[in-house]
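Encoded as structure tokens, the structure appears first; notes follow it.
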Amino acid sequence: MKPDKNGITHTLAVLFQPGDTIELRCVGHRPINGYYRDPTKLTEHACQLNGEDFHPPQNVYVCLNPVRPDLYARRDDQFGHAAKGEGVKDQDILLRRWLLIDIDPIRPQGVSATNNQKQAAIDLAGRVYPWLQEQLGSNCIVCADSGNGVHMLIRLDDVPADGQTRWVCENFLKLLDQQFSTSQAYVDKTTFNAARICTLYGTVKRKGSDIPEQPHRLSKLEHVPGQLQPVDWQRLAALVHPYPGDQATQQTATQPIAGSQSWNIEQLLQQHGWEYRRDVNYHTENGEVATRWELPVCPWNPEHNDNAAWIIQWPNGAVAAGCHHNGCTDKGWQALKQLWQLPASNGITTADIILPPPPSLELVIVRSQDVQPEPIGWLWPDHVVVGGINLFCGRGGIGKTFFLCDLVARITNQTLCAPNGDPLRHGRVLYTTGEDHIAKVLEPRMQQHAVDRTRLEYIKGLPAGVYVQLLDVVNHCDLLRDTLRQRPDTVALVLDPISSFQGGADSNKVSAVRQFTAVLTQLAEEFNIAVLGIHHFNKGKREVAGDSISGSHAYRDAARAAWLFALDAEDPTRRLMVCDKHNWSEQWPPGLAYRIESGRIQYEAEPLDMTADELLSQATPKPVEVACAWLAAQLSSGPQPAANLQIAATLDHVSKRTLDRAKERLKVKSEKEGDHWVWSLPMATEPPK
């Protein structure tokens with residue numbers, strides 16, 4: 001089933017106004033988002049992400065209310081992979097234009113509704129809608145088929161996104177739930193937040209497998225009033241209890257709690273081994289500053305693994321907790337205290353011993369006379385070190401992953417040597433990726449380069465409900481250590497790209513990167529392996545080569561060897577690889593030049609005599625030349641689905657217009673196979689055996 005392009009266009013015209021900044025979001029173990037002012041591009045990208053050619057096809061959402069215009073600079077009319085917690089927050093919302101009433105059937109999470117279950121939601125909506133018409137009027141209500149249930153959107157009069165409007169929306173949904181929800185279907189009480197995301201109508205709702213009894217369905221707008229008008233806010237607010245007011249809320253949050261001390265939330269989270277992300281400057285809707293901990297996995301329901309759970313502590317020690325999912329509306333701080341088996345008092349007293357006393361610490365000292373000198377270990381003599389981090393850096397689409405696929409094949413295959421003819425240390429390779437599809441991109445390239453498939457394994461991550469969570473090197477260090485211990489023949493660990501496995505830590509923050517690289521270095525030393533990390537360049541041009549590497553300089557500082565990749569300015573089909581740093585080699589090794597032909601790397605016989613600064617001081621190839629080289633490399637192993645290429649190009653910062661020009665310049669053939677288009681190079685030859 002395909003998304004309805006016209007339906008998406010119609011939805012955007014109804015929900016938003018010209019000039020609005022709109023967030024597109026796809027949730028899951030590898031979130032995707034983008035910020036748009038061009039509805040045409042948003043529609044095009046939504047169709048790509050939701051289409052069956054994208055693997056896996058994404059459920060596409062939009063933030064219902066317009067967001068701050070300065071967020072547009074994060075990703076202007078384009079999408080890309082997002083870090084944890086990067087999506088729009090309530091404080092990023094300019095105003096409230098819509099209130100979502102989500103009517104869903106009772107069913108297990110992560111699966112589509114049966115026809116009978118969906119009918120239960122439709123029947124409930126048939127009771128709610130007349131009541132809303134009577135109480136609020138009919139010209140303010142938009143109705144939609146969400147795919148598995150029914151949506152009703154109340155058009156608000158662009159009211160402020162503050163604490164009072166949040167309180168009214170929250171209690172209005174509670175009123176509907178209490179009055180109408182049944183054992184078969186219910187009104188979701190959690191859709192009151194200003195930054196609420198909503199299905200982009202016109203896309204296919206894909207939950208679980210698409211089976212006849214629980215099919216994937218197309219979402220769509222069902223009814224838009226001929227004269228859509230905002231609801232009378234006072235009329236809506238009058239249906240719920242009076243707002244308690246700012247004064248009472250302010251007093252609760254700022255006055256000290258008598259006779260108690262504050263809970264140490266940070267220590268409690270660490271004691272129980274929970275992952276979290278802390279914001280010490282969190283602003284509540286009433287303007288108060290508090291500390292907020294975001295939990296990747298809900299403490300009450302592990303299937304809620306989308307950062308929906310939270311804990312907030314105010315300066316006076318008061319604590320609140322919860323989860324945004326409807327199934328956790330009855331959970332809060334008291335429920336969390338019971339889960340943690342804490343005393344029922346407000347805070348820690350002298351009788352409440354929660355943590356054991358910290359162990360006494362002393363510095364670890366090693367005497368010189370006890371140190372036995374060890375020879376430097378090489379995976380590839382004078383090029384790739386064992387016992388440390390090796391970086392391979394360059395812009396997207398240059399051919400870094402192609403090079404690494406060739407190197408991995410040579411490491412695993414005992415009949416192969418290094419690209420320059422040197423002997424290699426052969427053994428098992430563990431490969432984890434945060435960007436490329438294993439079955440569609442990496443494995444075909446590996447086999448093309450004659451990898452020994454018995455000595456290559458991919459680390460996909462950790463199970464997280466129906467998804468797989470990416471490896472987090474720091475927090476999953478013990479699991480990674482056990483994996484390496486069980487595979488004593490492992491000689492290399494590949495992280496592609498290296499910054500994807502920091503668990504959402506800020507790659508520009510020196511302390512976070514140093515903690516991450518310190519763990520990697522310890523693992524490399526403990527198991528005598530080489531860590532191979534692909535990394536990207538900063539945007540713009542730098543005069544010094546080392547400054548070109550993306551993120552904190554701590555990446556380069558921790559690496560024992562760093563190699564830079566770029567296209568030859570005079571021949572963009574020629575790739576250049578030059579050493580930028582080498583701590584363990586007496587003399588920096590010369591560079592290499594190679595091309596990608598018929599899906600394989602072909603190295604030049606002569607070494608490359610060029611410094612890293614000279615490499616980056618070349619005249620930058622034109623975007624279309626870079627795109628031609630990128631497209632030729634993608635198609636060198638044979639025909640590829642056009643939709644996959646267009647999405648991959650977007651992620652590698654190749655615009656659609658430039659890709660089309662490259663397609664025309666290379667005279668790429670476009671042919672229809674079944675229901676999708678396939679691109680191929682003219683006069684393609686069979687890959688070498």
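The values are calculated or read from the model by the stated rules, or taken from the named source; none is laboratory data. A quick note: this is a predicted structure, and the numbers were derived from the prediction, not measured. Quick reminder, even Gly has a Cβ in these numbers, built from the backbone with ideal geometry, and neighbours come from all protein chains shown. Remember, those area values only see protein heavy atoms, side chains included, never the ligands or the DNA or RNA. Shrake-Rupley method; radii C 1.70, N 1.55, O 1.52, S 1.80 Å.
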Taking only C-alpha positions in the range 134-173, Rg and Dmax in angstrom work out to 12.1, 32
Interchain or sequence-distant (5+) residues whose placed amide H lies within less than 5 Å of the amide H of VAL384 are LEU379
Dimensionless Rg/Rh of the range 392-508, both radii on Cα and Rh by Kirkwood, sits at 0.97
List the residues, sorted by chain then number, that are 5 or more residues from CYS393 or on another chain and whose placed amide H is less than 5 Å from its amide H. HIS535, TRP563, LEU564, PHE565
From the Cα centre of the range 49-64 to that of the range 81-102, the distance in Å is 18
Before I look further, what does the chain give for accessible area per residue, probe 1.4 Å, in whole square angstrom? 47
So for MET610, MET152, what's the accessible-area order with a 1.4 Å probe, most first? MET610, MET152
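From the gyration tensor of the Cα coordinates in the range 629-683, what semi-axes in whole Å does the equivalent ellipsoid have, largest first, with each one equal to sqrt(5λ)?
Computed over the range 629-683, the values are 16, 13, 10 Å.
Counting Lys and Arg as +1 and Asp and Glu as -1, what is the net charge of the other residues whose Cβ lies under 10 Å from the Cβ of LEU15? Don't jump to the answer; show the numbers that get you there.
Numbers: positive: ARG97, ARG155; negative: ASP20.
Every neighbour counted, the sum reads +1.
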Using a basic spin-label model with each label point 7 Å from the Cα along Cα→Cβ, how many nm lie between TRP677 and HIS437? 1.8
Can you give me the Cα centroid spacing of the range 165-197 and the range 1-48 in angstrom? 25
For a quick check of your reading of the filter: which chymotrypsin sites (Phe, Trp or Tyr not before Pro) in the range 16-78 sit in a DSSP loop and have no more than 15 other Cβ atoms within 10 Å? none
Could you give the longest part of the chain that holds none of the GluC sites (Glu not before Pro) found in DSSP loops with at most 11 neighbouring Cβ atoms within 10 Å? 1-212
If r is the Cβ-Cβ distance from LEU175 to GLN447 and R0 is 45 Å, what FRET efficiency results, to the nearest 0.05? 0.15
Working from Cα positions, state the angle (0 to 90°, nearest 10) between the long axis of helix 163-180 and the longest principal axis of the chain. 70
When you take every Cα atom in the chain, what is the radius of gyration, and what is Dmax, the widest Cα pair distance, in Å? 28.0, 88
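Which entries of LYS5/LYS189; LYS41/LYS220; LYS400/LYS509; LYS205/LYS672 show an alpha-carbon separation above 23 angstrom in the structure shown?
Working: LYS5/LYS189 31 Å; LYS41/LYS220 19 Å; LYS400/LYS509 25 Å; LYS205/LYS672 26 Å.
Pairs exceeding the cut-off: LYS5/LYS189; LYS400/LYS509; LYS205/LYS672.
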Can you tell me the FRET efficiency between GLU44 and ASP162 if r is taken as the Cβ-Cβ distance and R0 is 41 Å, rounded to the nearest 0.05? 0.70
Trypsin sites (Lys or Arg not before Pro) within the range 629-683: DSSP coil, no more than 10 neighbouring Cβ in 10 Å: LYS667
Long-range HN-HN contacts of HIS437 with modeled amide H, under 5 Å: LEU442
For the chain, the longest principal axis of the Cα atoms and the Cα long axis of helix 400-412 enclose an angle in degrees, to the nearest 10, of 60
Globularity index of the range 455-528, i.e. its alpha-carbon radius of gyration over 2.2 N^0.38 Å: 1.12
Once you list every other residue whose beta carbon is under 12 Å from the beta carbon of LEU666, what net charge do they have if Lys and Arg are +1 and Asp and Glu are -1? +2
What are the semi-axes of the equivalent ellipsoid for the range 40-152, taken as the square roots of 5 times the Cα gyration tensor eigenvalues, largest first, in whole Å? 29, 22, 12
Nearest 10 degrees, 0 to 90: helix 115-136 Cα axis against the chain principal axis: 50
Net charge of neighbours whose Cβ lies under 15 Å from the Cβ of VAL366, counting Lys and Arg as +1 and Asp and Glu as -1: -3
In Å, what Rg and Dmax follow from the Cα atoms of the range 1-105? 13.4, 39
With -39,500 (n - 2.57) per DSSP H segment of 4 or more residues and division by the full residue count of the chain, the 222 nm estimate, nearest 500 deg cm²/dmol, is -8000 deg cm²/dmol
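Take the eigenvalues of the Cα gyration tensor for the range 148-230, scale each by 5, and report the square roots as semi-axes in whole Å, largest first. Before the final figure, lay out each step's value.
Numbers: eigenvalues 141, 63, 34 Å².
Output for the range 148-230: semi-axes of 27, 18, 13 Å.
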Quick one: length gained pulling GLU586 to GLN369 fully straight, 0.36 nm per residue minus the C-alpha distance? 75.6 nm
